[in-house]
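The values are calculated or read from the model by the stated rules, or taken from the named source; none is laboratory data. It should be emphasised that the depicted structure is a prediction, and the values quoted were computed from it without experimental measurement. Methodologically, a virtual Cβ is constructed for each residue, glycine included, from the backbone with ideal geometry; neighbour enumeration extends over all protein chains shown. The area values use the complete protein model at the heavy-atom level, side chains included, leaving out ligands, DNA and RNA. Shrake-Rupley method; radii C 1.70, N 1.55, O 1.52, S 1.80 Å.
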Amino acid sequence: MKPESEYERVENLIIGSGPAGYTAAIYAARADLKPVVYQGMQPGGQLTGTTEVDNFPGYPNGVQGPDMMLDLQHQAERFGANLRWGVITEVDFSKRPFKVVTDDDKVILADTVIIATGATAKYIGLESEVRYIGHGVSACATCDGFFYRGQDVAIVGGGDTAAEEAIYLSKMTRKVYMIVRRDELRASKAMQHRVMNIPNIEILWNHKPQEILGDGKVVTGVLLENVKTGETREIEVQGYFVAIGHAPNTQIFKGQIDLNENGYINTIPGTTQTNIPGVFAAGDVQDHVFRQAITAAGTGCMAAIEAERYLSEVRSTSESQVMNMAK
Ligand code: NDP
C-alpha cells in the first residue's frame, strides 16, 4: 500500500459504471463535484451483455446495450467525469473522509461515495448456457421477451421473478414452459394463482435444465432432467430465460454498511441514503424489485443530487463552527 502522503483526495467517488453510475457521474460532474468513477470489472455493467434495448426512453428505434452504455460514458466524460479502469477492493466507511483501496493498491480518500456496483444475474452454470447468452439465453424477460413474439420459450425458476416474467412472456409468446426444480413454487400465493391460471403457461415440476440445445448460432431447445426419476426429455423453444435470482455486488461492503438479508444495500425509502451519511447507493445494488436501466439511471441522478446537498450541508456546518470559534 502507498504511503499516506500519496493518498488521493476526491470530493465524490462513484463505484460502478452501469446506468446508475454513469448517470450519477453526469449529474455530479455538472454540479462540479469532480467525480472519479471506478468502472469495475465490466465497464458499462449488465447492459453490455445484452443486445437490443427497446425500452430506454430517447431511443425511438432501439439501441444495442453496449452502444447505449458508450453513449452514457461519453456524456459523463463531456462534463469532465474522471473515468478509470479499475476495481475497488476494500472500503473503510468508519471515519471521514472515507477510505477506499483500488486493485492496484492506490488509496483514495473520498468525502462522498456513490455505490452503483449493480447485481449479477444468477445462471444455472451450464457451459451451453454461456455459449448462447444473447442468442436465445437471457436473464431478463422484460428486456428480451419481445424478441420471441409468437414463439415458444422456457423460463427457469419458481420465485416471484420467474412467475412475474412467465406472466409477461405469456402475453407475447405462444407457449411458456416454466421449469421448476421442486414440486412447489416459492412465489407468493397470489402470483402462484395467476401463473397457474394462464392457459399458455405449462409448469414442468421437478425438472432442471441439463443442456441448452442449439444449432451453433441460436437456441433451439432445452434438454431437461426430471430430478425425481432421472428421466430426460427435450422441449423445443427459441428462448430460454433464467430467473433464479440475482446476487448484488456488495461483497466489499459487508460489515461497512447496512445490507438486507439478501445482501442488497438498505437505503432510506424515497432516497439513496444509506445508514452512513455521505455514502449513497443507486441502481440494482439497492433495488431487487424493478431492476431496469431507467430506474437505475433515476436513482443515479438522485444519488448525485443528494451527495451535492450533503457536501453543501457539511461545508456550511463547518464554516459556522469556525465562525463561532472565532467569536
Ligand atoms: P427467489 O430467491 O425468491 O427465487 C428463486 C427461484 O429460483 C426459486 O424458485 C428457486 O428454487 C429457484 N432456483 C434457485 N437456484 C436454482 C437452480 N440452481 N436451479 C433451478 N432453480 C433454482 O428469487 P426471485 O428473483 O424470484 O426474488 C427475489 C426477491 O425479490 C424475493 O424476495 C421476491 O419475493 C422479490 N420479488 C418481488 C416481486 C414483487 O413484489 N413484485 C417481484 C420479483 C421479486 P427453490 O424454491 O427450490 O429454492
Contacts under 8 angstrom Cβ, first residue in the stretch 164-193 being within 22 Å of GLU236 (Cα to Cα), partner of a type in the set (Lys, Arg) and away from the ligand (no atom under 14 Å from the Cβ), 6 or more apart: MET172/ARG149; THR173/ARG149
Residue tally, condition aromatic (Phe, Trp, Tyr) and surrounded by fewer than 16 Cβ atoms within 10 Å (Cβ to Cβ), over the stretch 66-106: 2
Count - residues of the stretch 29-65 that are on the phi > 0 side of the Ramachandran plot, open to solvent by 10 Å² or more (accessible area, probe 1.4 Å) and either part of a loop (DSSP other than H, G, I, E, B) or touching a strand residue (DSSP E or B) at 6+ places or on another chain (Cβ under 9 Å) (or both): 5
ILE198 in contact (Cβ under 8 Å) with a residue 24 or more places away in the chain, touching a Gly at 6+ places or on another chain (Cβ under 9 Å) and assigned by TED's automatic domain parsing to the domain that holds VAL156: no
Which numbered condition LYS217 fails, given (1) part of a loop (DSSP other than H, G, I, E, B); (2) surrounded by 14 or more Cβ atoms within 10 Å (Cβ to Cβ): (2)
Exclusive hit being of a type outside the set (Phe, Trp, Tyr), within 30 Å of ALA303 (Cα to Cα), within 9 Å of the ligand (Cβ to nearest atom) and crowded, with 20+ Cβ neighbours inside 10 Å, set ALA187, ALA243, ALA163: ALA243
Residues of the stretch 169-184 satisfying the condition of being of a type outside the set (Gly, Ala, Ser) and away from the ligand (no atom under 11 Å from the Cβ): LEU169, LYS171, MET172, THR173, ARG174, LYS175, VAL176, TYR177
Members of the stretch 5-49 that are in contact (Cβ under 8 Å) with a residue 60 or more places away in the chain and charged (D, E, K, R): GLU6, GLU8, ARG9, GLU11
Some residue of the stretch 279-291 being over 15 Å from the mean Cα position of the chain (by Cα) and either within 18 Å of ASP92 (Cα to Cα) or assigned by TED's automatic domain parsing to the domain that holds VAL10 (or both): yes
All positions within the stretch 276-302 that are touching a residue at least 60 places away in the same chain (Cβ under 8 Å) and open to solvent by 50 Å² or more (accessible area, probe 1.4 Å): HIS288, ILE294
Qualifying residue in the stretch 226-237 (condition: part of a loop (DSSP other than H, G, I, E, B) and within 14 Å of the ligand (Cβ to nearest atom)): yes
Out of ILE124, ILE88, ILE114, sole residue that is under 23 Å from the mean Cα position of the chain (by Cα) and within 16 Å of the ligand (Cβ to nearest atom): ILE124
Unique residue being touching a residue at least 40 places away in the same chain (Cβ under 8 Å), open to solvent by 30 Å² or more (accessible area, probe 1.4 Å) and within 24 Å of GLY263 (Cα to Cα) when the list is ILE114, ILE133, ILE124: ILE124
